[in-house]
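The values are calculated or read from the model by the stated rules, or taken from the named source; none is laboratory data. What you see is a predicted model, and the numbers here were worked out from it, not measured in a lab. In this analysis, Cβ positions are derived from the backbone assuming ideal geometry, glycine residues included, and neighbour counts consider all displayed protein chains. Side chains are part of the model used for accessible areas, which takes the heavy atoms of the whole protein and leaves out ligands, DNA and RNA. Shrake-Rupley method; radii C 1.70, N 1.55, O 1.52, S 1.80 Å.
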Amino acid sequence: MRRSSVNRLAAGAIEGPIDLPGESHAESSVAEHRPEPVALPTRLRKPTCVSTPALADRFGRIHRSLRLSVTDRCNLRCRYCMPAEGMRWLPGLAIATADEMIRLVAVLARLGVQDIRVTGGEPLVRPDIAVILERLRGVTGIREISMTTNGVLLARHIDALVDAGLDRLNVSIDSLDPVRFAAITRRDDLARALEGLAACERHPTLGPVKVNAVVLRGVGEDDVLPLAGLARARPYVVRFIEAMPLDAGREWNADQVIPGDELRRMISAVWPLRELSRSRPSAPGRRWRFVDGAGEIEFVSSVTEPFCAMCDRLRLTADGRLRSCLFATEETDLLGPLRGGAGDDELIELILANVAAKGPGHGIGTPGWTYEGRPMSMIGG
Ligand code: SF4
């Protein structure tokens, strides 16, 4: 990142995404999809001289991407996420209905949110998932809808999801070895996940489908080359994601993390890689292409190479709590006020206050850092 851009960002002067060399598509698509300026309640209006987008935080980051968790339930029991017996699930009535979710997304879209990533738990265990996607597609200002799934139910749902308006898909598969897959997820479902992945190839509009893989030290080293090989053999981008301290059992430690840099060296020793620029400035993944052109892989190194300075993500949990960061210790209840009859202005006030209080980043590894908040399964990736 050019030094001057960081200073300009820090000075809150940047109105839109920063174009990295050769990456200018973001600017045009943002202009096309910029929502009608939102009529903020008088007391929330900024002095007219400063035209800062509504969802800009005090570090100048502009939030256009929403991770929308539609359930906390999951059909797998990944060891780095939840205990074998599962979690104490949210009561059904605590989970936002499709109507409530769409209302909250519509308010966030009025404020500038454009991209929705649907997550869980596991989103495909929610029976009305295709209906939710279809209704998200109809929200003014929403440009792209993607989903992260573990793929186990994907083969059954993929056609309906694409018909409903799904644009992109990430499938979480940590191992191509059925024994290790079952050991990690506590379910013997690799074949179904791979069947789901293969079913995506019937829908070229979904491309590129990404495979998310969390590789733990002492567990998945033997999975690294087979997964990288998958990106060479099939039309998928494989993303290696560093394990984050978001497990329900609070057993995470830094020794479990294999840094992206180390994984890159392991792969490059076999198949040389060259770096590409990020797909957009706020994209978490660093992209690399095999020098022989046989595919692309990404590294999401949130622990060893944090990307918080360019973060544009907000999260809405399945029970309607707004979180400005994956590691936020504060969250704002939007569902309660909504069910209590709150109007859009009141919801907007709550949202803006939440974004205004967003911290600079996760701070993992800084002296005294701890995290006592929600586990990943109750936030959504
Ligand atoms: S840790 Fe928080 S601030 Fe950093 S990139 Fe993730 S969501 Fe954004």
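Observations on the structure shown:
- Multiplying the residue separation of THR97 and LEU225 by 0.36 nm and subtracting their alpha-carbon distance yields 41.9 nm.
- The charge dipole of the stretch 237-381, taken about the Cα centre with unit charges on the Cβ atoms of Lys, Arg (+1) and Asp, Glu (-1), comes to about 480 debye, rounded to the nearest 20.
- Accessible surface area normalised per residue over the chain is 43 Å², counting heavy atoms of protein chains with a 1.4 Å rolling probe.
- Separation in nanometres of the label points that stand 7 Å from Cα toward Cβ, at ALA183 and ALA84: 1.5 nm
- Taking each DSSP H run with n ≥ 4 as -39500 (n - 2.57) and averaging over every residue of the chain yields -8000 deg cm²/dmol at 222 nm.
- Rounded to 5, percent antiparallel among DSSP beta bridges of the chain: 30 percent
- Relative contact order of the chain, defined on C-alpha pairs under 8 angstrom at six or more residues apart (%): 20 percent
- Furthest towards positive pole of dipole, THR140, SER172, VAL214, structure part the stretch 97-221, Cβ charges: THR140
- In the stretch 271-381, the portion of solvent-accessible area held by carbon and sulfur atoms comes to 55 percent [1.4 Å probe, whole percent, DNA, RNA and ligands not counted].
- Within the stretch 307-381: Cβ-based charge dipole about Cα centre, in debye rounded to nearest 20 (Lys, Arg +1; Asp, Glu -1): 340 debye
- Euclidean distance of C-alpha centroids, the stretch 227-259 and the stretch 154-219, integer Å: 14 Å
- Net charge dipole size for the chain [Lys, Arg +1 and Asp, Glu -1 on Cβ; Debye, nearest 20]: 540 debye
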